[in-house]
Amino acid sequence: MISARPMTDRQRALDAVRPRGRTGVEIGPLNRPLILREDGDVLYADHCSAEALARKYFGHDTVGVLRTEPIVDVDLILDGCTLAEALGPRAPVDYVVASHVFEHIPDAIGWLREIGSVLREDGTVFLAVPDKRFTFDFRRAPSTTGDLVAHHIAAARVASPAQVFEHAARTVKADMPAIWAGHGREPPPLFGNQLTDALALARKVAADGHYVDAHCTVYTPCSFLAVFREIIELDLIPFEVAGIAPTSLNQLEFFVTLRKRATVSPVERAGATPRLDPRLHHDLPEAPLPKDWRTRLALAWRVLRTGSTRAGGSEAHP
């Protein structure tokens with residue numbers, strides 16, 4: 001049997017928001033939008049114009065601006081205004097899409113509340129979120145409900161000293177294929193003197209509100225669901241988690257679909273949160289079983305005794 005090809009990010013976004021005949025916003029598309037103009041009435045939003053973004057990201061290895069596709073024209077400039085202010089009479093909209101944006105938001109709760117304010121009831125938010133297990137966030141602890149609540153109460157507009165310190169201090173050179181294969185568990189630091197440099201940067205942020213582009217929050221698929229189940233139950237955002245596509249083999253991101261259900265009780269919305277097996281979608285993948293029959297037999301005996309292929313462990317193979 002020929003196995004189906006895995007869905008692309010764009011296919012997942014199209015399935016989630018179904019843009020034909022609807023109006024929506026994609027935040028931070030740069031030169032790789034998930035929703036194209038021909039798909040429907042989509043507005044592209046970013047913190048500055050396409051020209052300013054091209055200058056900022058010129059030669060950037062990750063974005064590849066000007067080497068592949070040009071940056072899309074920006075319809076909504078968010079510098080100094082909210083999404084609601086930028087949309088004006090064009091709100092409410094049917095959907096909002098954001099790929100690898102959410103983790104950069106200092107106040108994730110406030111950001112989702114703002115999006116909720118411009119969405120129609122039953123409107124959709126589609127997020128592509130990096131899985132910390134397979135990125136340079138490998139050494140960071142997953143963000144907690146308390147982390148997000150604290151930054152929301154503080155109405156954070158830029159990354160806090162704590163967020164900046166963790167981002168700068170823990171960044172590593174993660175080898176995604178090796179991690180998926182059950183190896184690469186000791187990735188080297190990305191920079192020298194990371195702890196001392198991170199402290200200096202955090203102090204600068206505390207002293208003068210210095211802006212640092214950081215991963216303010218980090219998640220695994222399971223940790224994301226655990227945090228947002230509580231945030232929904234607290235009625236801090238008007239959404240339910242309508243779906244999640246956990247990180248696929250040899251990939252580094254997962255996909256979340258939120259649906260606005262402001263007229264439904266927060267307890268009911270929280271109760272609708274999907275559940276994932278943490279052994280598959282929170283713990284690190286185990287190495288594949290070896291081909292040698294003696295080693296396989298020994299591992300089978302270990303699994304019978306411990307429930308894991310790891311010595312002393314208790315996790316199942318992903």
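The values are calculated or read from the model by the stated rules, or taken from the named source; none is laboratory data. Because the structure is a prediction, the values reported are computed rather than measured. All Cβ positions, even for glycine, are placed from backbone atoms using ideal geometry, and neighbour counts span all protein chains on display.
Selection of segment 151-186 for residues being surrounded by fewer than 15 Cβ atoms within 10 Å (Cβ to Cβ) and either of a type outside the set (Val, Ile, Thr) or outside the structural domain of Arg32 (by TED's automatic domain parsing) (or both) yields Ala154, Ala155, Arg157, Lys173, Pro177, Ala178, Ala181, His183, Arg185, Glu186. Taking segment 53-81 as the range and being modelled with pLDDT of 95 or more and surrounded by 13 or more Cβ atoms within 10 Å (Cβ to Cβ) as the test, the residues that pass are Val72, Val74, Asp75, Leu76, Ile77, Leu78.
Do we have Ala108 as in the same structural domain as Phe228 (by TED's automatic domain parsing), small (Gly, Ala, Ser) and buried (at least 23 other Cβ atoms within 10 Å of the Cβ) here? Yes; evaluated as a whole, the condition is true for this residue.
Quick one: is Gly24 over 17 Å from the mean Cα position of the chain (by Cα), at pLDDT 95 or above and not in a helix (DSSP H, G or I)?
yes
The residue of segment 276-292 that is modelled with the highest pLDDT, among those that are touching a Lys or Arg at 6+ places or on another chain (Cβ under 9 Å) and of a type in the set (D, E, K, R), is Asp283.
Contact annotation: no residue pair with Cβ atoms under 7 Å, 6 or more positions apart or on different chains, pairs a residue in segment 163-175 that is among the acidic types (Asp, Glu) with a partner that is at pLDDT 95 or above and crowded, with 24+ Cβ neighbours inside 10 Å. Every condition in (1) under 16 Å from the mean Cα position of the chain (by Cα); (2) buried (at least 21 other Cβ atoms within 10 Å of the Cβ) holds for His100 except the one numbered (2).
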